[in-house]
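Reading through the structure tokens given below for one structure.
The values are calculated or read from the model by the stated rules, or taken from the named source; none is laboratory data. Please read these numbers as outputs of a predicted model, since none were measured by experiment. Ideal geometry is used to build each Cβ from the backbone, glycine not excepted, and the neighbour counts take in all protein chains shown. With ligands, DNA and RNA removed, areas are computed over all heavy atoms of the protein, side chains included. Shrake-Rupley method; radii C 1.70, N 1.55, O 1.52, S 1.80 Å.
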Amino acid sequence: MAEIKKPTKKKQKRHTYIFVVGGVMSGVGKGVASSSIAMLLQSRGLTVTAIKIDPYINVDAGTMNPTEHGEVFVLQNGLETDQDMGNYERFLNVDIPGINYMTTGSIYQDVIKKERNLDYGGNNVEVVPHIPEEVIRRIKAAATTANADVTIIEIGGTVGEYQNILFLEAVRMMKTEAPDSVAVVMVSYLPVPSSIGEMKTKPTQTAARTLNSAGVFADFILARGPVALDKKRKEKIARFCNVRAEHVISAPDVKSVYDVPLNFEKDDLSSRICEVLNIKDVKRSNLNAWRNFVKRSKDGKDIVKIAVVGKYFNSGDFILSDVYISVLEAIKYSAYSVHLKPEIHYLSSVAFSDKKTLKQLKQYDGILIPGGFGTTGIDGKLNVIEYARKNGIPYFGICYGMQLAVLEYAKNVGKFKNASTTEIDSSADHLVIDVMHDQKEKIANGDMGGTMRLGEYKASLKKGSLVARTYGALEISERHRHRYEVNPDYVERLTEKGLVFSGTSPDRKLMEIMELPSEVHPFFVGVQFHPEFHARPLAPHPLFTAFIKASYENKK
Ligand code: GLN
């Protein structure tokens with residue numbers, strides 16, 4: 001008789017977690033540090049995913065002004081998130097699911113929804129433990145969804161902030177439940193005040209103590225600062241912050257964020273983390289592709305000069321390039337991939353409302369207008385587009401940059417007098433760009449959060465078009481974020497005037513891409529979607545690469 005085999009139980013994966021918190025101040029590269037740690041562990045053959053927790057009440061990042069918050073990054077499923085999610089996708093070269101992003105607002109919203117549903121079975125629903133429990137539920141769900149060996153969880157802001165307490169409580173609860181499977185990294189900052197010229201450790205000591213008062217102890221301290229940490233201060237931090245000296249990692253300012261993981265590895269960070277998390281038998285890290293990318297980023301053979309014309313650059317006396325970070329990074333990856341050094345200039349669109357200023361555009365090899373909203377700087381953008389079109393300067397328009405390119409063409413070539421987009425002037429005679437059909441009701445009801453056309457949609461490309469040749473495909477999938485579209489009533493009339501709609505939704509109802517024929521212009525392309533969200537260091541986006549190549553041709 002054949003032996004009866006016991007069903008073999010599938011071995012359950014052991015999930016481990018790394019929390020990354022900020023000490024002293026925000027804006028010192030916690031996102032890049034988290035992404036770098038994630039990438040290093042991935043390079044050792046582990047499956048890694050990354051989560052961002054933002055402490056604000058906004059349910060997602062979509063309703064915030066970019067000059068307040070930076071870029072809104074759109075995930076594949078359409079969730080509007082913090083730009084750090086973009087860093088994770090770029091460093092890990094994977095698409096990250098929506099469960100990996102949470103805000104205080106989204107957590108409360110879910111808990112209240114469950115309470116209304118009687119899901120708490122008549123219990124008293126309280127801030128503690130129900131809010132941290134919901135945070136933990138989501139963290140574990142993300143780990144399971146990704147089947148991750150390691151899940152990195154970055155908590156926005158710094159440890160001293162009142163609004164972060166509930167997240168630190170979640171860290172404490174998880175660490176108590178499984179001490180060997182949870183590590184805490186505090187990213188701190190060590191200033192060197194110019195008046196004394198010495199690196200000061202006190203703010204870091206204070207931050208560590210604040211973290212401790214929430215019942216959480218750091219396993220690692222990443223010491224950000226203008227210069228490298230010396231031995232003396234490393235030991236001082238170790239002693240006063242209760243961390244092993246080898247776990248205090250020097251993280252001085254570097255020119256490129258892509259050097260950060262390579263620097264961490266000099267201090268053996270990934271091995272030390274594996275040791276703390278009790279992860280055994282990991283491979284040696286394979287960073288060849290990354291090292292090649294970093295090398296290429298430094299030895300471009302020639303410069304390609306790109307103007308990015310937007311309205312969100314100025315904040316008081318400062319320039320905010322973070323607002324378009326995915327676009328800027330996408331330009332860089334493509335330039336590096338063809339051995340060029342990108343020189344990117346940020347130009348405020350408002351300045352170009354006076355046509356006399358357009359002459360300065362002559363010095364640029366290519367012009368890009370990224371996404372945007374509202375009226376500010378529109379005349380300037382239309383003037384810039386007209387200039388690029390008439391002077392054969394490669395033009396790449398993204399989302400609003402595409403809509404305005406269509407509008408410019410309608411006005412100046414189509415001779416539609418008094419044409420506009422409904423977003424700016426709904427009483428114009430020719431609304432060449434109009435509200436999308438399903439958006440009308442949403443706008444009327446003031447239902448503005450997370451209601452645009454969001455996330456990934458397929459598009460069909462026209463055979464033989466510039467974009468079809470560029471993608472090397474006739475069907476693509478890209479991420480969107482818009483309420484307005486090319487008005488279908490004008491498609492035929494604009495096509496007759498020479499505009500080519502070379503990409504549409506598969507049912508041909510929505511215009512997704514416009515271009516000018518190569519006999520008329522070397523590169524004039526507008527896309528309704530945001531290709532920048534798919535550009536990765538190790539996988540540059542073909543449209544950006546085509547734009548960069550055309551720009552370099554133009555330079556020559
Ligand atoms: N404001 C435009 C719209 O809502 C474009 C949006 C964008 O550029 N992301 O359609």
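Scanning segment 174-210 for residues that are out of contact with any Gly (no Cβ under 9 Å at 6 or more places or on another chain) and assigned to a helix (DSSP H, G or I), we see that the one that is surrounded by the most Cβ atoms within 10 Å (Cβ to Cβ) is 174. Given the criteria of a type in the set (Lys, Arg) and more than 14 Å from the ligand (Cβ to nearest atom), does residue 362 qualify? It is true that residue 362 is of a type in the set (Lys, Arg) and more than 14 Å from the ligand (Cβ to nearest atom). Of all residues in segment 422-435, those that are over 15 Å from residue 402 (Cβ atoms) have Cβ atoms under 7 Å from Cβ atoms of residues that are open to solvent by less than 50 Å² (accessible area, probe 1.4 Å) and part of a loop (DSSP other than H, G, I, E, B), 6 or more apart or on another chain, in 430/416; 431/422; 431/487; 435/422; 435/483.
Filter segment 394-429 down to the residues that are over 28 Å from the mean Cα position of the chain (by Cα), more than 14 Å from the ligand (Cβ to nearest atom) and part of a loop (DSSP other than H, G, I, E, B) and list them by number.
Step one: list which residues in segment 394-429 are over 28 Å from the mean Cα position of the chain (by Cα), which gives 407-420, 422, 425-429.
Applying the additional criterion that residues be more than 14 Å from the ligand (Cβ to nearest atom) yields 408-419, 427-429.
Answer for segment 394-429, where residues must be over 28 Å from the mean Cα position of the chain (by Cα), more than 14 Å from the ligand (Cβ to nearest atom) and part of a loop (DSSP other than H, G, I, E, B): 413, 414, 415, 416, 417, 418, 427, 428, 429.
Answer yes or no: is there a residue in segment 408-418 that is under 29 Å from residue 489 (Cα atoms), open to solvent by less than 30 Å² (accessible area, probe 1.4 Å) and hydrophobic (A, V, I, L, M, F, W, C). The answer is yes, given that some residue of segment 408-418 is under 29 Å from residue 489 (Cα atoms), open to solvent by less than 30 Å² (accessible area, probe 1.4 Å) and hydrophobic (A, V, I, L, M, F, W, C). Taken over segment 509-545, residues that are more than 19 Å from residue 452 (Cβ to Cβ) and either buried (at least 24 other Cβ atoms within 10 Å of the Cβ) or over 22 Å from the mean Cα position of the chain (by Cα) (or both) amount to 15. Only one entry in 341, 381 is of a type outside the set (Val, Ile, Thr), more than 16 Å from the ligand (Cβ to nearest atom), in contact (Cβ under 8 Å) with a residue 40 or more places away in the chain and in contact with a strand residue (DSSP E or B) (Cβ under 8 Å, 6 or more places away or on another chain), namely 341.
Quick test for you: out of 491, 432, 467, pick the one residue that is out of contact with any Cys (no Cβ under 6 Å at 6 or more places or on another chain), open to solvent by less than 20 Å² (accessible area, probe 1.4 Å) and either away from the ligand (no atom under 16 Å from the Cβ) or in a loop (DSSP other than H, G, I, E, B) (or both). Can you show your working first?
Details: 491 fails: open to solvent by less than 20 Å² (accessible area, probe 1.4 Å); 432 fails: either away from the ligand (no atom under 16 Å from the Cβ) or in a loop (DSSP other than H, G, I, E, B) (or both).
Of 491, 432, 467, the one residue that is out of contact with any Cys (no Cβ under 6 Å at 6 or more places or on another chain), open to solvent by less than 20 Å² (accessible area, probe 1.4 Å) and either away from the ligand (no atom under 16 Å from the Cβ) or in a loop (DSSP other than H, G, I, E, B) (or both) is 467.
Do we find that residue 151 is in contact (Cβ under 8 Å) with a residue 60 or more places away in the chain, over 21 Å from residue 278 (Cα atoms) and touching a strand residue (DSSP E or B) at 6+ places or on another chain (Cβ under 6 Å) in this structure? The answer is no for residue 151.
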